[in-house]
Ligand SMILES: NC(=O)c1ccc[n+]([C@@H]2O[C@H](COP(=O)([O-])OP(=O)(O)OC[C@H]3O[C@@H](n4cnc5c(N)ncnc54)[C@H](OP(=O)(O)O)[C@@H]3O)[C@@H](O)[C@H]2O)c1
């Protein structure tokens, strides 16, 4: 009997070990690229996936620009990234992606003070209701319009420094997203509801914007030395659900503990897209678990991505 129990426990431990180390942990970025002399911007890096990404890139010798919205959290992140990476080539510059003025001011300061840009990582993201200071739906504004404007303002510098890359942190949630152009035109938002289901839908819609933006950007960058990629980081233990109702957080906590990757594991697909040699022919594609993936037709639809680009240009004052 005791032998049987031991066997069952042994099998359970073995299954848990394999599940955690193979299924949950996922693949690692295998690139050994060093980045001395290169400059990288990572948005939203005071916590979560962005912080782990910034530490790794600084360890590889890059000059890392921490683009965070909060001065206080940004300064704390600056100290931590410097300490963890052992690099002093780390700089904090304030950038609130929910404010077109702040994005423009960040880009102006960056272009004035930094001669290079080799990799732009649009990592920051939010799950939250409300409006940005420009009257855009919060998730549409922060998850899509802010990074759209930032990328466009920095594109010339990326072209000058090519080969260079833009990496957009998307999500598998984009699979259930859709773009309601009537709602965008009328309300400058992807949707109007505030229920849990509606919020999940709007978040997914904003992540579909990330995939479509990457698809259209790759087409517009053809003939340059700039390439771009979008990715799903996996399900990661971070602060992304911090604005959900307490009951949702209570349900998420145990799930996160057993099933979610930690932020270092969550940064691997971002690092793969930023660093892996030979990805250039895959510009515009979507990755997950450090592997290029097929997407549904809606995430690479030429007409939708062009229409989204044009409305985004209007909404952020580029057109
Ligand atoms: N965690 C997951 O399971 C998961 C899955 C799929 C995709 N993703 C994507 O991964 C990315 C990183 O998220 P995470 O999981 O690391 O979440 P997180 O821990 O909440 O980190 C998000 C980062 O974005 C920043 N941010 C939020 N609003 C901003 C704004 N207006 N301007 C500038 N920065 C802003 C946050 O800064 P503050 O601290 O100041 O708010 C924070 O640094 C997001 O794009 C998210 O959609 C995450």
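How far, in degrees from 0 to 90, does helix 48-59 lean away from the longest principal axis of the Cα atoms of the chain, to the nearest 10?
Taking the Cα atoms of the chain, the angle to 48-59 is about 80 degrees.
For 104, 60, 293, what's the fewest-to-most ordering of other Cβ within 10 Å of each Cβ?
Ordered by Cβ neighbours within 10 Å, fewest first: 293, 104, 60.
Among 264, 23, 142, rank each residue by its count of other Cβ atoms within 10 Å, from fewest to most, as a rough exposure measure. Numbers along the way, then the final one.
On the way: 264 17, 23 9, 142 26.
Final ranking by Cβ density, sparse to dense: 23, 264, 142.
State the extension gain, in nm to one decimal, for the chain segment bounded by residue 197 and residue 302, taking 0.36 nm per residue of separation less the distance between their alpha-carbons.
Gain in length upon complete extension: 35.0 nm.
How tilted is helix 302-315 with respect to the longest principal axis of the chain? Cα atoms for both, answer in degrees (0 to 90, nearest 10).
So the helix axis and the longest Cα principal axis differ by about 60 degrees.
Rounded to the nearest 500, what is the chain's calculated 222 nm mean residue ellipticity when only DSSP H runs of at least 4 contribute -39500 (n - 2.57) each, over all residues?
Estimated from H runs of four or more residues: -14500 deg cm²/dmol.
Rounded to the nearest 10 degrees, what's the angle between the helix 100-113 long axis and the longest principal axis of the chain, both from Cα atoms, 0 to 90?
Value to nearest ten degrees: 80.
Express as a percent, rounded to the nearest 5, the fraction of DSSP beta bridges in the stretch 31-315 (both residues included) that run antiparallel.
Taking every DSSP beta bridge with both residues in the stretch 31-315, the antiparallel ones total about 15 percent.
Given Cα positions, please report Rg to Rh for the chain, the hydrodynamic radius being the Kirkwood one.
Value, to two decimals: 0.99.
What is the distance, in nm, between label points placed 7 Å from the Cα along the Cα-to-Cβ direction at residue 2 and at residue 255?
4.1 nm
Could you check the spin-label model distance between residue 109 and residue 294? Points 7 Å from the Cα along Cα→Cβ, value in nm.
4.6 nm
Kindly identify the stretch 157-289 as rounded, prolate or oblate by the Cα gyration tensor criterion: order the square roots of the eigenvalues as a ≥ b ≥ c, call it rounded if a/c is under 1.5, otherwise compare a/b with b/c, prolate if a/b is larger, else oblate.
Oblate shape, in that a/c is at least 1.5 and b/c is the bigger or equal ratio.
If you take the square roots of the eigenvalues of the alpha-carbon gyration tensor of the stretch 45-119 and sort them as a ≥ b ≥ c, do you get rounded (a/c under 1.5), prolate (a/b over b/c) or oblate?
It is oblate, given that a/c is not under 1.5 and a/b is not larger than b/c.
List 260, 181, 92, 106 from most exposed to least, where exposure is judged by having the fewest other Cβ atoms within 10 Å.
Values: 260 17, 181 12, 92 21, 106 26.
Starting with the residue having the fewest Cβ neighbours, the order is 181, 260, 92, 106.
Can you tell me what the convex hull of the Cα atoms of the stretch 132-232 projects to on average, as an area in nm²? Don't skip to the end; give the middle numbers.
Values: hull surface 26.7 nm².
Answer in nm², one decimal: 6.7.
A short reminder: the numbers here are calculations on the coordinates, not readings from a lab. What you are looking at is a predicted structure, and each value in this text was computed from that prediction instead of being measured. Positions of Cβ are generated from backbone atoms using ideal geometry, with glycine treated the same way; all protein chains shown enter the neighbour counts.
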